[in-house]
Amino acid sequence: MNEALILEKLDNLSSEIQSLKSEVQTLKEAKQAPASSAQPAQPAAAPLLAAFEGKYNEKDLNNLVENLLVGVNDINSMFFKMRAGNELARDIEPIAYQVYPEVIKFCSELEGQVTVDDVVALLRNVITAVPALNESVGYLKAGIELTDDLMPVAQILYPKVITILNEIQLAIEKSNGLIKVAGSAANSAMKISLTDTQAEEIGKIIEGIDFSNIKPVSPIGAVKQLMDKDVQQSLGAAFMVLQAMGACVQAIQKK
């Protein structure tokens, strides 16, 4: 039995219920009429009801008719919902035909990889994370609303930002030489690496410096200090810096 035939049957049943309602109303009016009438009018459904004579008493029939009349609106609402469900099923059916093979393929690929315990653990985590998910959805909604509010401001600021970036780019191009020099200096500084042990030793040496207790050094004492290995290494580092500075000055003076 197809859907069209089912709907047709339901419509016919609704029509019969409406007919029974009118017939019951006619019977009530006939009972209230004077007894002097010659012959009471026979309802149109009398032959149909006659086939069930003796099977049901009058009380059962009255209850049936009353329930049908009271539930007419509910029955109509049920028919409308069934019709809407059938229409939705017809709309989803083409999509279901496309999705069903992919779902079967996906489930077959997961066969043996996911156990019932894994699914139960997933459901437990999802259920326990419902408050966090609700909060995340709230943040997402607030973010979307904030984006909508900032969009007009962004449209105004965007050309100005582009102009500023272009000016910065021109300035960088003009000072490209200085940036290269600074980059070289930064690269040289990054090449200096200290271990934890070296850092501790340097820290101890710096902590041992006491400028409040400086002893004077005579010229002869200065010559003796030049024989110290630490002083010689520091002089070597200082002269290295001086040589590099002299080379830089010559590079600047060259046209």
Q. Using the Karplus equation 6.51 cos²θ - 1.76 cosθ + 1.60 (θ = phi - 60°), what ³J(HN,Hα) coupling, rounded to whole Hz, does each residue of the stretch 81-92 give in order, writing x for Gly and Pro?
A. 5, 5, 5, 5, x, 5, 5, 5, 5, 5, 6, 7
**Q.** Carbon/sulfur fraction of accessible area - the stretch 78-180, other protein chains in place, 1.4 Å, %
**A.** 68 percent
Q | J(HN,Hα) series, the stretch 234-240, from Karplus relation 6.51 cos²θ - 1.76 cosθ + 1.60, nearest Hz, glycine and proline x | A | 5, 5, x, 5, 5, 5, 4
Q: Calculate one ³J(HN,Hα) per residue across the stretch 96-104 by plugging θ = phi - 60° into the Karplus curve 6.51 cos²θ - 1.76 cosθ + 1.60, and present them in order as whole Hz with x for glycine and proline.
A: 5, 4, 7, 7, 4, x, 5, 5, 4
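The values are calculated or read from the model by the stated rules, or taken from the named source; none is laboratory data. What you are looking at is a predicted structure, and each value in this text was computed from that prediction instead of being measured. The area values use the complete protein model at the heavy-atom level, side chains included, leaving out ligands, DNA and RNA. Shrake-Rupley method; radii C 1.70, N 1.55, O 1.52, S 1.80 Å.
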